[in-house]
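Participant: Sharing a structure with you now.
Bear in mind that the values in this text are calculations on the coordinates, not laboratory data. Quick caveat: nothing in here was measured; it's all calculated off a predicted structure. Cβ: placed from backbone, ideal geometry, glycine included. Neighbour counts: every protein chain shown.
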Amino acid sequence: MQQRSPTLEGFRALFRRPSVGLAEIAWRWSFGFAAALLLTFSFFEYLNTLPVSARDLFLFRTRQPALISQALLHIFRGSGQRAVEAAIVLGLALAVAWILIAAMGRAVTLQSLQSCLSERNATAASAVEDWRLRSLGGLNFLRVAATVAAALGLLAAWLLGAAVSPDSDPSPGLAVLIFLSVAMLVWLAWSAVNWLLSFAAVFVVAQGEDTFGAMAAALDLCLARPAPMLAASTWFGLAHLVLFFVASSVVAIPLAFLSVAPGAVVLGGVLLVTCLYFAVVDYLYVGRLAAYLAIVETPNPPLASNVTPPHPPYAAPPRENVDRDEVILSDLPTIDVPK
C-alpha cells in the first residue's frame with residue numbers, strides 16, 4: 001500500500017477543515033488583542049501616576065528640545081521602580097494566561113486535525129482520550145521559561161558589548177560585533193528549543209504522553225525519521241517565505257499614496273496588509289501541525305519485497321560430503337577415522 005505524503009496531508013487539511021485554521025487564528029488573536037489592550041491601559045495608568053508641575057508645562061510650551069528633555073527627566077525621575085514592578089506583574093499575568101489559553105487552543109486544534117486525518121487514512125491511530133491538559137501546560141511553561149532565558153541572554157549580550165567598549169577606550173565596532181554574535185547564538189538556541197516544545201504537543205494529544213515524555217518522543221522521531229520531518233518543514237517554510245515576499249510587495253501599494261493620501265489612511269492600509277499576513281501565517285501553521293501529526297501517526301514504511309536479504313552466516317558442509325579417507329580429519333595420528 002502506497003503511503004500518502006505527510007506534507008500533502010498537511011496542505012489538504014487546510015482545505016478540508018478551514019474551520020481549524022480559523023479557530024487557531026481566533027484564539028491567538030483574541031489573546032493578542034487582550035494583551036495589547038491590557039498593556040495600553042497599564043501604560044496610561046502609569047502615565048497618570050507621574051507628577052507634572054507648572055514648571056514642566058512651561059518647559060513643554062517652549063518647544064525647545066533641550067528644555068523639553070529637562071522636563072521629561074524631571075517627570076520620570078524616581079518612577080523607574082514603579083515601571084519595573086508594573087512590568088513584572090503584567091509579565092507574570094500574561095504568561096499564566098498564555099499558558100492556559102494556548103494549552104486549550106492547541107488541544108482543540110490537534111484533536112480536530114487528528115479526526116480529519118483519521119477520515120482519510122485508514123491506518124491512522126484512534127484518538128487518545130487519556131491525555132491531560134496539564135501536559136500541554138507544562139510544555140507552554142517551558143516555552144515561557146525559554147523565552148525569559150533568551151531575553152536574559154540578549155541582556156547579557158548587551159552588557160558584554162558595553163563591557164568591551166568602556167568610555168575611556170570606546171570600541172563601538174567590536175561591541176556591535178560581540179552583541180550581534182551572541183544575540184544570533186541566543187536566537188538560534190531559542191528557535192530550536194521553541195520548535196521542539198511546539199512539536200512535542202503533537203505527542204501529548206496523539207499518544208497521551210506527559211510533558212517530558214512528549215519531548216523525548218519528539219527527539220526520537222526527529223532522529224528516526226529525519227527525511228519526512230525535513231520535507232514538511234521545508235515546504236511549509238517555503239510557503240511562508242513566498243507569503244512574506246508577497247506581503248512585502250503589497251504593503252508598498254498604500255505607501256505609494258503617502259504624498260497624496262492622509263497619513264491615517266496610509267497607516268490603516270499598512271496595518272491591514274500586516275494583519276492579513278500574520279493571519280495567513282497562523283493558518284499555514286495549522287497545516288504544518290497536520291503534516292507533523294501525519295508523520296507521527298504513519299507507521300514506518302515496510303521493506304520492499306525485491307530487497308535481497310543478507311547472506312546467511314557461513315555453514316559447514318554436511319558430513320556426507322566429507323572425504324573420510326583424508327588423514328587431516330584428525331589431529332591425532334594414532335586414531336583411525338572410521339570409514
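Participant: Dipole size in debye (nearest 20) for the range 6-297 around its Cα centre, Lys and Arg Cβ +1, Asp and Glu Cβ -1?
Facilitator: 560
Participant: Along its principal axes, what span do the Cα atoms of the range 6-297 show, with the longest given first and each in whole Å?
Facilitator: Here the spans come out as 77, 48, 38 Å, largest first.
Participant: Rg(Cα) of the range 1-82 divided by 2.2 N^0.38 Å? Could you put the intermediate results ahead of the total?
Facilitator: On the way: Rg = 25.9 Å, N = 82, 2.2 N^0.38 = 11.7 Å.
Here the answer is 2.21, to two decimals.
Participant: Moving on. Output wanted: per-residue J couplings in Hz (rounded whole) for the range 101-111, from phi through Karplus 6.51 cos²θ - 1.76 cosθ + 1.60, θ = phi - 60°, x for Gly and Pro.
Facilitator: Rounded to whole hertz, the list is 5, 5, 5, 5, x, 5, 4, 5, 5, 5, 5.
Participant: Another one. What net charge do the residues around residue 221 carry, taking every other residue with its C-beta under 13 Å from that of residue 221, with Lys and Arg at +1 and Asp and Glu at -1?
Facilitator: Local net charge: -2.
Participant: Using the alpha carbon gyration tensor of the range 33-192, what are the three equivalent-ellipsoid semi-axes (square root of 5 times each eigenvalue), largest first, in whole Å?
Facilitator: In descending order the semi-axes read 46, 26, 13 Å.
Participant: Right, something else. If you add up the charges near residue 101, with Lys and Arg at +1 and Asp and Glu at -1, over every other residue whose beta carbon is less than 15 angstrom from its beta carbon, what do you get?
Facilitator: +2
Participant: Find the centroid of the Cα atoms in the range 131-173 and in the range 71-109, then give the distance between the two in whole Å.
Facilitator: 17
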